[in-house]
Amino acid sequence: SSISEISLKQSLLQLRCHFTWNLRREDVDLDDLEETIGDQIKFFIKYNIANYNLLSYVCHLKNANEEALRSLKKAEEIVKRHYPGEIARSLVTWGNYAWIYYYMKRHEEAQSYVHKVVKSCKKLSSTAQWEIQLPEIDAEKGWAFLKFGVNYYERAKDCFENALKGEPNNPEFNAGYAIAMYRLEDYSHRACEDVSLSFKPLKRAVELNPEDTPIAALLALKLQDLKRVDEGERYIEEAMQKTPDLPYFLRYAAKFYRRKGDVDKALEIVKKALEVTPNSVFLHHQLALCYREKLFQLKKSTRYPPQDQVEELIQHSIFHFKIVTDKRPKLFVAHTDLANMYAEAKRYEEAKETFQKIFQINNVPNVDKQQFYYHYGNFHLFQMKSESEAIHYYTEALKIENDSYCSHKCRTTLKKLLEQRIQGGSRNARDFGRLGFIYNLNGRKHEAIECYEKAVELCPNSEEYLSALCELQLSI
């Protein structure tokens, strides 16, 4: 049986389904993902085959294989009801069946599903049995990647691009592509890259399916980024007429009004959406941001804001940020937001603990890491009054090379701090070394050389300062 088991395993690895797409359990919070999929199944009828297939994979990761099989059964029922005779729509479902039966040690059933897939592929295409390109499968893979978080967005975009090669006018594939582009951009936006690449795909997706209000709302947010706020608002208002209760639309509408400065309207919309999907992490995050925005507005508008109001807004904000960090321990930005809010409340120990937790998150993209160091530096400088710790974290931020807003802020602050220390008579080689590093980043090589020379004079055995100095002298 071991030979047949090996050949079964080889066949399984050829299947195109969630088990072969390299979706790693450590990149998501499984309970949270299960809840998200459950909510979507409630509100979206047409994409549910993909949702049930993904749910079966999540159930398997949670060691609930029987439940996984029930999800696949539901996916099959939808195909029978709505797409009779369209074999292509079942291939991922059958692939997942084969894998789950394999893990349940029910090898004959696993083998029969492998056989089903091979037979269907032959029917659909005369080429080699596995090498069949189906846009539906590419798209389904894309939706799965979008659910597994930021490290998968680039791959999601590629999947939808592939699907569109086969069916360039398919509204669903265009929507997936636009969402992937929007998220990638939203992400790189923090690194100051071009913010308008997703505009065309979003516009096209809305033209192909004007009823897809969540996509219309993303287009509105993109128009807002491009300073075309009134145009954006028209899309939001139109969509509000079409789907006044759809949480996936409301969450973006709320974000639109919050960014516009109309926080009360945003709050009203978020609360309405929370009644429908009370556990949505996205909505709790939006709610926390709304309270934070109200706090900032209050502090700006009056010199001595009423303490009880300040307290209340801080409490609300912390409460909802905490829900987010508890449910999504890997959601980086929420931890930073929570830590900063503790600092705002002068709860410094908790702020520090929250910042410390961020160190434990793995696979953090550089843009995020840099933001974290910047915020942690600010915390040490302004709240803990520890200049040397602040300098340390700002320097760490600058070691990550990119041209982000964060990077500019760090440079300016750090340069000022170091210059003050040196003018104050510092004899610390590190201060000179770090200032040399900043001058070099700013392209002021002669000043950089002077700083490194001073650092070497104060600390003659330092490899670091000597090699930096040599490199600079050679580059001039």
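The values are calculated or read from the model by the stated rules, or taken from the named source; none is laboratory data. As the structure is a computational prediction, the values presented were derived from the model and not from experiment. Here Cβ is always computed from backbone atoms with ideal geometry, including for glycine, and neighbour counts include all displayed protein chains. Just so you know, the surface numbers come from the protein's heavy atoms only, side chains and all, with ligands and any DNA or RNA stripped out. Shrake-Rupley method; radii C 1.70, N 1.55, O 1.52, S 1.80 Å.
Just give me the residues in segment 393-431 being part of a loop (DSSP other than H, G, I, E, B) and either over 15 Å from TYR373 (Cα atoms) or open to solvent by 10 Å² or more (accessible area, probe 1.4 Å) (or both), in sequence order.
Just the residues of segment 393-431 that are part of a loop (DSSP other than H, G, I, E, B), to begin with: 400-404, 424-428.
Residues satisfying the conditions are ILE400, GLU401, ASN402, ASP403, GLY424, GLY425, SER426, ARG427, ASN428.
Can you tell me how many residues in segment 203-234 are assigned to a helix (DSSP H, G or I) and either open to solvent by less than 50 Å² (accessible area, probe 1.4 Å) or in contact (Cβ under 8 Å) with a residue 24 or more places away in the chain (or both)? Spell out the reasoning first.
Let us first name the residues in segment 203-234 that are assigned to a helix (DSSP H, G or I), namely 203-208, 213-225, 229-234.
Checking which are either open to solvent by less than 50 Å² (accessible area, probe 1.4 Å) or in contact (Cβ under 8 Å) with a residue 24 or more places away in the chain (or both) leaves us with 204-206, 208, 213-225, 229, 232-233.
Number satisfying all stated conditions: 20.
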query = Is it true that some residue in segment 165-174 is surrounded by 15 or more Cβ atoms within 10 Å (Cβ to Cβ) and touching a Lys or Arg at 6+ places or on another chain (Cβ under 9 Å)?
reply = yes
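Among the residues of segment 122-150, write down those that are assigned to a helix (DSSP H, G or I), within 35 Å of the chain's Cα centre (by Cα) and at pLDDT below 90.
Our first condition is that a residue be assigned to a helix (DSSP H, G or I); within segment 122-150, this holds for 122-124, 135-147, 150.
When the remaining residues are screened for being within 35 Å of the chain's Cα centre (by Cα), the result is 135-147, 150.
Matches in segment 122-150: VAL150 only.
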query = Limited to segment 399-431, what total is found for residues that are closer than 20 Å to SER462 by Cα and either acidic (Asp, Glu) or in contact with a Pro (Cβ under 6 Å, 6 or more places away or on another chain) (or both)?
reply = 1
message = Being in contact with a Gly (Cβ under 7 Å, 6 or more places away or on another chain) and more than 19 Å from PHE43 (Cα to Cα) is true for just one of LEU202, LEU223. Which residue is that?
response = LEU223
query = Do you know which residues across segment 241-256 are touching a residue at least 24 places away in the same chain (Cβ under 8 Å) and open to solvent by 10 Å² or more (accessible area, probe 1.4 Å)?
reply = LYS242, THR243, ASP245, LEU246, TYR248, ARG251, TYR252, LYS255
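List the helices (runs of 4 or more DSSP H) inside segment 1-91, counting only whole elements, that have at least 2 residues being open to solvent by 70 Å² or more (accessible area, probe 1.4 Å) and more than 20 Å from TRP143 (Cβ to Cβ).
2-14, 65-82
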query = What pairs can you find where one residue is in segment 102-119 and in a loop (DSSP other than H, G, I, E, B), the other is of a type outside the set (A, V, I, L, M, F, W, C), and their Cβ atoms are less than 9 Å apart, with a gap of 6+ or different chains?
reply = MET104/ASN65; MET104/GLU66
